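Taken together, the values in this text are just the output of simple stated rules run on the coordinates, not laboratory data. All values reported here derive from a predicted model rather than from experimental measurement. Neighbour counts run over all protein chains shown; Cβ positions are idealised from the backbone, glycine included.
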Amino acid sequence: MDLAQGSKYKVAFRRRREGKTNYGARIKLVDFDNYRLVVRLSNSYVTVQIIKYNDIGDKTIVSAHSKELSNYGWLGGFKNTSAAYLTGYLCGKKAVSNGIDKANLDIGLKTSTKGSKLYAALKGANDAELYVPHNESILPEEDRISGQHIVNYANALDEEELKAKFSKYLERGLQPADLSKHFNDIKTKIDEAEV
């Protein structure tokens with residue numbers, strides 16, 4: 001039995017074992033002088049934060065959660081592309097009002113997919129005057145961000161199908177055909193608010 005073989009084994013950090021942190025990617029993102037725009041998607045919500053590295057642990061400077069959109073009158077879903085954009089936009093507005101003008105995108109362990117909700121949040125932050133370096137080709141299209149594709153789909157359905165597929169929207173008092181207009185109204189309310 002070779003005892004030396006066992007001594008070469010190294011236990012991975014706890015967060016790596018739990019699948020929460022990719023330390024190789026993180027070390028490339030962490031810069032002592034730069035902020036990170038951290039986008040996290042759950043099954044129900046979108047969270048966008050501005051985080052600064054600190055030796056004893058990262059410090060959250062600004063945070064926006066898609067549930068906050070209801071404070072501005074949002075009646076749509078809290079995890080869709082439109083909500084991701086508006087949450088990024090809200091976080092960007094908060095960051096700019098706190099004197100932060102640049103950040104690097106941190107998507108964590110999520111797979112980078114062109115046109116995804118992650119990049120909708122990035123576009124929202126950029127549209128709020130927070131500079132986040134990116135390639136324009138990865139961003140979702142405007143129709144997708146504003147929900148126009150949902151409006152087109154809803155207009156093609158009959159009354160029964162509409163009630164079945166958009167029951168949550170209808171419960172909240174939002175007609176699916178009005179989603180794009182509602183999106184623009186909420187964006188305007190965020191602009192007018194003192195964040």
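Across the chain, the longest piece that holds none of the GluC sites (Glu not before Pro) lying in DSSP loops with up to 13 other C-beta atoms within 10 Å covers 19-128. Proximity of backbone amide H atoms, modeled 1.01 Å from N, is registered between His134 and no other residue at under 5 Å, excluding neighbours fewer than 5 places apart on the same chain. Multiplying the residue separation of Ser70 and Lys163 by 0.36 nm and subtracting their alpha-carbon distance yields 31.2 nm.
Modelled this way, with points 7 Å down the Cα-to-C-beta line, the labels at Ile138 and Asp101 are 2.3 nm from one another. The stretch between Lys114 and Asp127 holds 2.9 nm of extra length on full extension. This uses 0.36 nm per residue minus the Cα-Cα distance.
Here is the link list: Lys59/Lys93; Lys79/Lys123; Lys110/Lys168; Lys123/Lys187. Which ones come out longer than 21 Å on Cα distance?
Numbers: Lys59/Lys93 19 Å; Lys79/Lys123 16 Å; Lys110/Lys168 27 Å; Lys123/Lys187 13 Å.
Listed pairs above 21 Å: Lys110/Lys168.
So which trypsin sites (Lys or Arg not before Pro) in segment 87-195 end up in coil per DSSP with only 14 or fewer other C-beta atoms within 10 Å? Please list the in-between numbers first.
Details: sites: Lys93, Lys94, Lys102, Lys110, Lys114, Lys117, Lys123, Arg144, Lys163, Lys165, Lys168, Arg172, Lys181, Lys187, Lys189; in loops: Lys110, Lys114.
Taking segment 87-195 and a limit of 14 other Cβ atoms within 10 Å, the loop trypsin sites (Lys or Arg not before Pro) found are Lys110, Lys114.
So which chymotrypsin sites (Phe, Trp or Tyr not before Pro) in segment 41-109 end up in coil per DSSP with only 16 or fewer other C-beta atoms within 10 Å?
Numbers: sites: Tyr45, Tyr53, Tyr72, Trp74, Phe78, Tyr85, Tyr89; in loops: Tyr45, Tyr53, Trp74, Phe78.
Of the chymotrypsin sites (Phe, Trp or Tyr not before Pro), the ones in loops of segment 41-109 whose Cβ has at most 16 other Cβ atoms within 10 Å are Tyr53.
Phi angles across segment 112-120 convert, under the Karplus curve 6.51 cos²θ - 1.76 cosθ + 1.60 with θ = phi - 60°, into 3J(HN,Hα) values of 6, 10, 4, x, 7, 4, 4, 7, 5 Hz, Gly and Pro given as x. As a length-normalised measure over Cα pairs under 8 Å and 6 or more apart, the relative contact order of the chain settles at 19 percent.
Counting 0.36 nm for each residue step from Arg17 to Asn184 and taking away their Cα separation leaves a gain of 55.9 nm.
Other residues within the sphere of radius under 13 Å centred on the Cβ of Arg15, judged by their own Cβ, net out at +3 (K and R +1, D and E -1). The Cα atoms of segment 101-195 define a convex hull whose projected area, averaged across directions, is 7.9 nm². The Cα center of segment 18-41 and the Cα center of segment 62-76 differ in position by 24 Å. Largest first, the extents of the alpha carbon coordinates of segment 46-145 on the three principal axes equal 41, 32, 25 Å.
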